[in-house]
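Read the structure below first, then the notes.
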Amino acid sequence: MDSVGAEAKFQQTLVLRDSVDKLDRLNRVGWDIRSRNAELCGERVVHGVGLRFLELDDYKKEQRELVQEVLGVSWRPTVFQIPPGSPGALAGMRRGDIVLLVSNVQVANKKEAHAAIDAAIEKGEEIPIVVERGGERLTFVIKAVPLCGYPVLLNKDPVVNAYADGDRIFVNLGLLKFIQSDDELAGVIGHELAHNTQKHVRDKVTNATLGRLLVDLPVIVLTGVDPNVGWQIGRSLYSQGYEFEADYVGQYYTARAGYDIRIVPNLWRRMALDDPKGITLGTTHPCTSERFVALDAAAAEIENKRKNGLALKPEIKSSPSWLAKKDDKKDEKKEAPKDLAPNGPSSAPASGPAPFSGRISADVEE
């Protein structure tokens, strides 16, 4: 029984470390995409320092010993995630640092720590943070940097999928298990960021509402039956066009963050292995063969710009209204190729915890 208990603890440690590794990857790549593309996010720009905290109160009693041992989490706010290149990491802060003071204000928990950081960011101030590390007190001074204001969240759904809701980006646990590199994950997050920046979700809601008013409402008034047909038709209007645009714009976001955009299209060849019907059959999303070719074309366009010293900015209009102008040949000729998008609908469930049964929050807090 002692051996069984030891093995159980070992396996629990494996689960915890795997959970943390997945969150670290999502946080790291998400930070790169958001920070390197802030200038393209228009009015949706926030400022962050890249620090995320945990404390033992986040866990059940039976989990605290393991979490303290593996992650060094304290009863006080403890640095948990700190992506490379973020202000906190550049200043020298590390996972496991216990935060004592923020801007000369004593903080007792992570809520107070985040509130003090947010207050300093709002004032545009540099932020002195005093931490305890190995019994020693250290002081770091950090300053927030601009980010695209669309946080990246982990959803524990096992389905291979990612989606955007207009304000956030969700990546399913199933997709994190499916991807093989940070470059692929960057392509997915870049695609979903493009859905938000190009306001595709807002436009889909508008189209669905119009369909509801023009089709469903008259039928309800006349028959008392809700067909829900107009809503569905409106929601799917221009759906493939939105996906192509998100794929195209997302390749630029991925390239600007320093990831290998030539790797991104291969994700769709592996998707084809998972779902062969998707090779030639497209519904609300383009088929996998179209996505590969489109993403590859976008990558070639970006590489050509790099060779010629041109700015890496997507060649699109400020509004996705071009999607409705199928007969405007002149406009179509001016359009750059619109390619791929990651898998999935926009009906987003609430974000969930990481696979470890403890409450490691899945959201990326700045």
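Any read-out appearing in this document is the output of simple, stated calculations on the displayed coordinates, not a laboratory observation. What you are looking at is a predicted structure, and each value in this text was computed from that prediction instead of being measured. Backbone-built Cβ (ideal geometry, glycine too); neighbour counts: all protein chains shown.
How much length is gained on full extension from GLU303 to TRP75, taking 0.36 nm per residue of separation minus their Cα-Cα distance?
Details: separation 228, 0.36 × 228 = 82.08 nm, distance 4.93 nm.
My answer for the length gained is 77.1 nm.
Between ARG270 and VAL141, how high is the FRET efficiency from 1/(1 + (r/R0)^6) when r is the Cβ-Cβ distance and R₀ = 30 Å? Nearest 0.05. Provide the component values of the computation, followed by the final result.
Values: r = 45 Å, r/R0 = 1.49.
Rounded to the nearest 0.05, the efficiency is 0.10.
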Task: Distance in nm between pseudo-label sites at ARG133 and ALA311 (7 Å out along the Cβ direction from Cα) - done: 3.9 nm
Task: Whether region 67-187 is rounded, prolate or oblate, judged on the alpha carbon gyration tensor where a/c under 1.5 counts as rounded - done: prolate
TODO: List, in the order given, every pair from LYS22/LYS111; LYS156/LYS199; LYS60/LYS110; LYS111/LYS177; LYS111/LYS199 whose Cα-Cα distance in the structure shown is over 28 Å.
DONE: LYS111/LYS177; LYS111/LYS199
Open item on the list: I'm a student and want to see the number: the projected area of the Cα convex hull of region 124-185, averaged over all directions, in nm².
Closed with: 7.2 nm²
TODO: Bin all alpha-carbon pair distances of region 1-134 at 5 Å intervals from 0 and give each bin's fraction as a whole percent.
DONE: 2, 10, 17, 20, 19, 14, 9, 5, 3, 1, 1, 0
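Can you bin region 27-106 into rounded, prolate or oblate? Criterion: square roots of the alpha carbon gyration tensor eigenvalues sorted a ≥ b ≥ c, rounded for a/c under 1.5, prolate for a/b above b/c, oblate for the rest.
Values: a/c = 2.40, a/b = 1.91, b/c = 1.26.
Taking the square roots of the gyration eigenvalues as a ≥ b ≥ c, region 27-106 is prolate.
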Task: FRET E, pair VAL159, GLU65, Förster distance 35 Å, beta-carbon r, rounded to 0.05 - done: 0.55
